[in-house]
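Engineer: Below: one structure in structure tokens.
All of the numbers you see were taken from the coordinates with simple rules; none came from a lab. Everything numeric in this text was worked out from a predicted model, so none of it was measured. Every residue, glycine as well, gets a Cβ built from its backbone with ideal geometry; the counts of neighbours run over all protein chains shown.
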Amino acid sequence: MIIWIASYPKSGNTWLRALLSSYYYSSNGEFDFTLLNNIDAFPSERYFKSYPDNFERPEDTCKYWLKEQEKINKSKKYTFLKTHNALCKINNNIFTNKENSLGAVYVIRDPRNIVTSLSHHYQLSTKDALKFMLDKKKATFVKKNGRYVAFQPLLSWPLNQSTWLNNKIFPVLTIKYEELISETFTTLTKVINFINKITKSKSSTDRTKIINSIKNCEFEKLKNLEDKQGFSEAPYKKNTDEQIKFFNLGIKNEWRNILDSEIVKDIEIKFEKEMKELGYL
């Protein structure tokens, strides 16, 4: 059964994946980027490239979402999958169901800091990054050899999180990226306890391994690892084969030091309801 590590883009999903892959897939909390392969992204290109369909429209792969998840679940093991997908229905195709999904951990982040990260990652102005977050029909996709693959309907920032947090299909643990930074041990322990609960695991939480995982996934260590080895998930500069650093600012990504007052005001007006509900205002 699938356990989703879900979030809107640039909300801390990759760091949580690093921590979980270190905890679950190393012997004693070690970490290197190859461990992230244990928590694959879905939907991604590799799940759909074998189909004979032409995939002439971005959303054409949606009809295979459940089929691919059923294949994953044939292993009868618990499988972590990362996604930025909204928990939605496209052309009558649901993203997942209770037969394939056991639960989800959903990461939430202050939208003011999402704007700064989106701006860097997608090489957008902060105004365009905000437009990205407001787009109720926003989706990302990859087009290769004339075929659309890896279609991900994100929807807007408020809609993305509401589809996950208000779902009645399976349990969802919500964590804030800010708490993962300030209270890493407590927050990661909460996530592991949630996973133990939904999997009905009798394993006790390994405190020493959690500490080691946190130590080995510190931002500066991930940044240094990227400097030495590169990082396959890092984006490319537009129209070049040069990658942009993925682990760029980390905890230094503080909107107060980056955004001007005009864009801050705009973000707070547009997302006032959600920010108040989440304690960001």
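Engineer: Can you tell me how many residues in the stretch 13-43 are in a loop (DSSP other than H, G, I, E, B) and either touching a Lys or Arg at 6+ places or on another chain (Cβ under 9 Å) or closer than 15 Å to ILE214 by Cα (or both)? Let's see the steps before the verdict.
Structural biologist: Just the residues of the stretch 13-43 that are in a loop (DSSP other than H, G, I, E, B), to begin with: 26-32, 39, 42-43.
With either touching a Lys or Arg at 6+ places or on another chain (Cβ under 9 Å) or closer than 15 Å to ILE214 by Cα (or both) added as a condition, the list becomes 26-32, 39, 42.
The total comes to 9.
Engineer: What about LEU173, is it over 23 Å from LYS63 (Cα atoms) and either touching a residue at least 12 places away in the same chain (Cβ under 8 Å) or of a type in the set (Asp, Glu) (or both)? Steps first, please.
Structural biologist: Details: over 23 Å from LYS63 (Cα atoms): yes; either touching a residue at least 12 places away in the same chain (Cβ under 8 Å) or of a type in the set (Asp, Glu) (or both): yes.
It is true that LEU173 is over 23 Å from LYS63 (Cα atoms) and either touching a residue at least 12 places away in the same chain (Cβ under 8 Å) or of a type in the set (Asp, Glu) (or both).
Engineer: Scan the stretch 261-279 and report the pairs whose first residue is closer than 16 Å to LEU118 by Cβ and whose second residue is among the basic types (Lys, Arg) and assigned to a helix (DSSP H, G or I), with Cβ atoms within less than 6 Å and a gap of 6+ or a chain change.
Structural biologist: ILE267/ARG112
Engineer: Scan the stretch 144-195 for residues that are crowded, with 17+ Cβ neighbours inside 10 Å, aromatic (Phe, Trp, Tyr) and out of contact with any Leu (no Cβ under 7 Å at 6 or more places or on another chain) and jot them down.
Structural biologist: TYR148, PHE151, TRP157, TYR177, listed by residue number.
Engineer: Being part of a strand (DSSP E or B), buried (at least 22 other Cβ atoms within 10 Å of the Cβ) and touching a Cys at 6+ places or on another chain (Cβ under 9 Å) is the filter here; which residues of the stretch 68-116 pass it?
Structural biologist: Correct list: empty.
Engineer: I'd like to verify a number: residues in the stretch 92-133 that are without any contact (Cβ under 8 Å) to a residue 12 or more places away in the chain and either over 30 Å from TYR78 (Cα atoms) or β-branched (Val, Ile, Thr) (or both), how many?
Structural biologist: 5
Engineer: Restricting attention to the stretch 128-163, which residues are outside any helix (DSSP H, G or I) and among the small types (Gly, Ala, Ser)?
Structural biologist: Restricting attention to the stretch 128-163, the residues satisfying the condition of being outside any helix (DSSP H, G or I) are 135-156.
Of everything in the stretch 128-163, those that are outside any helix (DSSP H, G or I) and among the small types (Gly, Ala, Ser) turn out to be ALA139, GLY146, ALA150, SER156.
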